[in-house]
1. Please report the carbon-and-sulfur percent of the accessible area for the chain; probe 1.4 Å, protein heavy atoms only, DNA, RNA and ligands left out.
2. Could you identify which residue out of ARG86, ARG26, ARG36 has the top mean-square fluctuation in a GNM of the chain using Cα springs shorter than 10 Å?
3. In straight Cα distance, which lysines are under 17 Å from LYS49, not counting same-chain residues fewer than 8 positions off?
4. Which of VAL191, LEU82, ILE202 sits farthest toward the positive end of the charge dipole of segment 77-224, with +1 on the Cβ of Lys and Arg and -1 on the Cβ of Asp and Glu?
5. What nm value, rounded to one decimal, do you get for the distance between GLU178 and GLU93 when each label is placed 7 Å out toward the C-beta?
Amino acid sequence: MDVRCTGLTGSELYAAHAARYVEMIRKKQVYLDYERPMIRELARDISGKDVLDMGCGPGAHLPWLTEKAALVTAVDASEEFLQIVRRDYPRVETTRIDLNDGLSPLQSERFDLVISSLVLHYVNDWYTLLEEVHRVLRPGGRFVISTHHPFHPYAVRSVANYLTISVVDDRFGPPGQEVDVRYYHRPIAEVLNPFLRAHFAIERIEEPPFENEPLFLFLAARRL
Ligand SMILES: C[S@@+](CC[C@H](N)C(=O)[O-])C[C@H]1O[C@@H](n2cnc3c(N)ncnc32)[C@H](O)[C@@H]1O
């Protein structure tokens, strides 16, 4: 498959490059020292909790989730990643879900915590998805995310108008091995309003610098 000129959506991109992504997240400081620890900190104590990893990929967050949580469910659009999760974490329940279609296979009020790590920038309509996350969380349950910061260096380079939700067609990867990818830029109001409209209380927002850039935005919210 020639992926160089396709402008792949997030799910297509990772399906086509599952092995490369697995390799990358094992080594890169941006994951190991920056993204993973912040999600874990925002998730707080997960002992005995029922947790959903929404857009789990190959399961980077599953080691610490499965260590303490009562039950872990992992969903993703990529069958390649779900196969890796089933192989490495046989006790994790997996379901293939395209988040653009909501979370309908999942029961209402099933989870105490939903995490979604580096996934939401691939989703256009956050309003509908946030309503679905609200539905599957128990009252008081929490939602923790990381997503591209609106001033992510890629977006700053490619987005004509900060103020509108816009498609970004970009290239990731080292020289000679780049892959085309499509994701969404959204201004900060379009990050926060879907949470507020779906009846979440925002508990914490973090924008830690990575190499002096605001790379990812982290947010923890509680279902009202
Ligand atoms: C950057 S990876 C993050 C994976 C994992 N959460 C991590 O932190 O390593 C993005 C993930 O989002 C998934 N994804 C992208 N678009 C999706 C969609 N519409 N529905 C479900 N999953 C999607 C991809 O398959 C991929 O696993």
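The values are calculated or read from the model by the stated rules, or taken from the named source; none is laboratory data. Since the structure is predicted, the reported quantities are computational estimates derived from the model, not experimental observations. Every residue, glycine as well, gets a Cβ built from its backbone with ideal geometry; the counts of neighbours run over all protein chains shown. Heavy atoms of the whole protein, side chains included, go into the accessibility calculation; ligands, DNA and RNA do not. Shrake-Rupley method; radii C 1.70, N 1.55, O 1.52, S 1.80 Å.
1. The computed percentage sits at 50.
2. ARG26
3. Reachable lysines: LYS68.
4. My answer, from the dipole projection, is ILE202.
5. Distance between label points: 4.3 nm.
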